[in-house]
Amino acid sequence: MKKILKITSLFLIISTLLFSCDDFVEKDIENEAISLLSPKNNLLTIQPTHTFWWDLLEGAEVYNMQIVEGTFSAVTYLVLDTTINNNKFSVTLYPGSFQWRVRGQNNGGETHYTTFNLTIDSTLDISNIHVPLSLPLDNEITNSDSITFTWQSITGADVYNIEIHDGAWGTQYSTPASMTATTYTEVLPEGIYVWAVSGFNNTTLTSTPFENPPRSLTIDTTTPGIAILNLPNHNDLLFDTLNTYTWTQDANTGGGTPTALTDKIYFYSDSGTTIIAGFPKPITSGTTQYVDSIGVDHFWKVETEDAAGNVAYMTNLRKARIQ
């Protein structure tokens, strides 16, 4: 009986020792890997501050986290090497290319490192620059209704958005157009427009502000009316070598967008084929003076053109003779 009790006691002691040893054996994690969550691998961003985050691993007591500028195979600078007991760590970096990695550790060993890439590029933030506009020039006046808008490309812009507003900024004429090109053509009716272009970066979701003030464009395709000649009348006899010639500009409707008119006066030494030297001459006042010799016939007529380049028909030719 005593022998049986001794054997039983010995068995209980051995069992207790075995179970107690299991409590002190660390889990083998050497073949495990940490699952990184954020920032995502190969992230390209303008944000300098990030919370690095990974999945907790059963059996890992602490985590070793490292960040380097460059790569771990070609380190430019060791930014961080820390051991923590949770799965999040916030770091503020600077523009550059980085790698970061994490491994789990316990008293029995460690996992393999898991590595991600991260790039911080401050040039991707285009919110403080403008897209340089090229054509049409500011305050341009044209008689063409097919307008090609052009601008310069800027670093960091993936697409460009052009907006054309009717009269003043705030009333869009058409739906804003988005494109990768730096040119855009649209047919517009007569009127006054303003336009500007904004660049947009798809990675950082930043955009350039529109140029303020925007550029102005006037379209006038209406031909002005023919001028009305006043004095001298046709076949008038003049009694002085210096004489005044007057006419009246016709109304310029300009399709609702009238532009400034300029007249050209022509003097001929015959019935409209030989132009006298120094003419035609641009006149804006509807009056001019001309000196000629006594006993000479001369002829004159007026042509009107608006600021957009629309040219009216010439007036009839008038004859004058200095007596």
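Answer yes if at least one residue in the range 94-106 is hydroxyl-bearing (Ser, Thr, Tyr), within 27 Å of Lys27 (Cα to Cα) and not assigned by TED's automatic domain parsing to the domain that holds Asp306, and no otherwise.
No.
His50 fails exactly one of the following numbered conditions: (1) in a strand (DSSP E or B); (2) more than 43 Å from the chain's Cα centre (by Cα); (3) modelled with pLDDT under 95. What is the number of that condition?
All conditions pass for His50, except number (2).
Quick one: which of Thr262, Thr246 is on the phi < 0 side of the Ramachandran plot, part of a strand (DSSP E or B) and either in the same structural domain as Asp145 (by TED's automatic domain parsing) or under 41 Å from the mean Cα position of the chain (by Cα) (or both)?
Numbers: Thr246 fails: either in the same structural domain as Asp145 (by TED's automatic domain parsing) or under 41 Å from the mean Cα position of the chain (by Cα) (or both).
Testing whether each residue is on the phi < 0 side of the Ramachandran plot, part of a strand (DSSP E or B) and either in the same structural domain as Asp145 (by TED's automatic domain parsing) or under 41 Å from the mean Cα position of the chain (by Cα) (or both) leaves just Thr262.
Among the residues of the range 284-294, is there at least one that is in the same structural domain as Asn252 (by TED's automatic domain parsing), of a type in the set (Val, Ile, Thr), within 19 Å of Pro232 (Cα to Cα) and outside any strand (DSSP E or B)? Write out each step before concluding.
Our first condition is that a residue be in the same structural domain as Asn252 (by TED's automatic domain parsing); within the range 284-294, this holds for 284-294.
Subsequent filtering for residues that are of a type in the set (Val, Ile, Thr) retains 284, 287-288, 291, 294.
In the following step, the residues that additionally are within 19 Å of Pro232 (Cα to Cα) were identified as 284, 287-288, 291, 294.
So of that shortlist, the ones also outside any strand (DSSP E or B) come out as 284, 294.
Scanning the range 284-294 turns up at least one residue that is in the same structural domain as Asn252 (by TED's automatic domain parsing), of a type in the set (Val, Ile, Thr), within 19 Å of Pro232 (Cα to Cα) and outside any strand (DSSP E or B).
Take the range 295-323 and flag every residue that is in contact with a Phe, Trp or Tyr (Cβ under 9 Å, 6 or more places away or on another chain), of a type in the set (A, V, I, L, M, F, W, C) and outside any strand (DSSP E or B).
Within the range 295-323, Met314, Leu317 meet the criteria.
Residues in the range 74-91: is at least one among the polar types (S, T, N, Q), in contact with a Phe, Trp or Tyr (Cβ under 6 Å, 6 or more places away or on another chain) and surrounded by 12 or more Cβ atoms within 10 Å (Cβ to Cβ)?
Checked the range 74-91: at least one residue is among the polar types (S, T, N, Q), in contact with a Phe, Trp or Tyr (Cβ under 6 Å, 6 or more places away or on another chain) and surrounded by 12 or more Cβ atoms within 10 Å (Cβ to Cβ).
Residues checked against (1) touching a Gly at 6+ places or on another chain (Cβ under 9 Å); (2) outside any strand (DSSP E or B); (3) surrounded by fewer than 18 Cβ atoms within 10 Å (Cβ to Cβ):
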| residue | (1), (2), (3) |
| --- | --- |
| Ile129 | yes, yes, yes |
| Asp138 | no, yes, yes |
| Ile147 | no, no, no |
| Ile154 | yes, yes, yes |
| Glu163 | no, no, no |
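Considering only residues of the range 165-190 that are without any contact (Cβ under 8 Å) to a residue 40 or more places away in the chain, β-branched (Val, Ile, Thr) and out of contact with any Phe, Trp or Tyr (no Cβ under 9 Å at 6 or more places or on another chain), which is surrounded by the fewest Cβ atoms within 10 Å (Cβ to Cβ)?
Thr175
For the range 224-237, name all the residues that are surrounded by fewer than 18 Cβ atoms within 10 Å (Cβ to Cβ) and either of a type in the set (A, V, I, L, M, F, W, C) or not in a strand (DSSP E or B) (or both).
Matches in the range 224-237: Gly225, Ile226, Ile228, Leu231, Asn233, His234, Asn235, Leu237.
The values are calculated or read from the model by the stated rules, or taken from the named source; none is laboratory data. Computed from a prediction, not measured in an experiment: that's the story for all the values here. Heads up, the Cβs are rebuilt from the backbone with ideal geometry, glycines too, and the neighbour counts pull from every protein chain shown.
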